[in-house]
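Have a look at the structure below, then the notes.
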Amino acid sequence: MRQQFLGALIGAAFGTVFVLVNSGDPLPAAVAWVLRALAVVALAAVVVLGVRAGGRPTLEGRPMFGPSYRVIVIGEVVLLVAGFFVLNLLDAPVQANVAWIATVVGLHFAALASAWKTRSILVVGVVLTVLGVVGLALLGSPALPWVPFVSGVLSGVTLLGGSLYGVRRAG
């Protein structure tokens, strides 16, 4: 339970950040605030459910964070930095950043699903990758202002939902 709780906690924290940072225009202000509040409530629910199930987030002796994890995270960082460099060279709009982040984080989850032989996070990885790619496809369209919602808010909701599913299943 401990490593599942830690993974769910990390996913929920990043999901909350995705929602908090990307809930803005073109969403109406009231909708944005409701989304932000729900994200914080979902994060709190992950913490409460994880603790009630006996989880304690720790890195001690967790094979989950072994060599394959480190290789995947290093690859993720390299892809993020290289992608930001390319997007900058292409003078891509700032909205491209969140779409690229969602794409790479999704690929990160898909790789972790393979390394850990855990199908449940594969769903999260595929959904995040698709949301990121859709956001990238919207960059040259009139829907450009919606990229933060599609690739950011919906990615955050996906991470929060996956985290809640994980702690509920483990508890």
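Membrane-span-like helices of the chain, defined as complete DSSP H segments with a Cα extent of 27 Å or more along the helix axis and a mean Kyte hydropathy of at least 0.0, are identified as 2-22, 29-52, 67-89, 95-116, 119-138. In the distance distribution for region 71-171, Cα-Cα pairs more than 23 Å apart total 27 percent.
Compared with the rule-of-thumb size 2.2 N^0.38 Å for a compact globular protein, the chain has a Cα radius of gyration ratio of 1.05. The accessible surface of region 96-171, taken with every protein chain in place and a 1.4 Å probe, is 72 percent carbon and sulfur. Toward the positive end of the charge dipole of the chain, with +1 on the Cβ of Lys and Arg and -1 on the Cβ of Asp and Glu, the farthest Cα among Gly162, Val147, Ala53 is that of Ala53.
Using a 7 Å offset from Cα along Cα-Cβ at Val73, what residues in region 85-107 end up with backbone N under 20 Å from the label point? Label zone hits: 101-107.
For the chain, a simple Cβ point-charge model (Lys and Arg +1, Asp and Glu -1, everything else neutral) yields a dipole of about 780 debye relative to the Cα centre.
Solvent exposure of the chain, expressed per residue, is 53 Å² of accessible area, with all protein chains present and a 1.4 angstrom probe.
Here the calculated FRET efficiency for Val81 and Arg52, from their Cβ-Cβ distance with R0 = 45 Å, stands at 0.70, rounded to the nearest 0.05.
The values are calculated or read from the model by the stated rules, or taken from the named source; none is laboratory data. Computed from a predicted structure; not experimentally measured. Virtual Cβ from ideal backbone geometry, glycine too; neighbours counted across all protein chains shown. Only protein heavy atoms, including side chains, enter the accessible area calculation; ligands, DNA and RNA are left aside. Shrake-Rupley method; radii C 1.70, N 1.55, O 1.52, S 1.80 Å.
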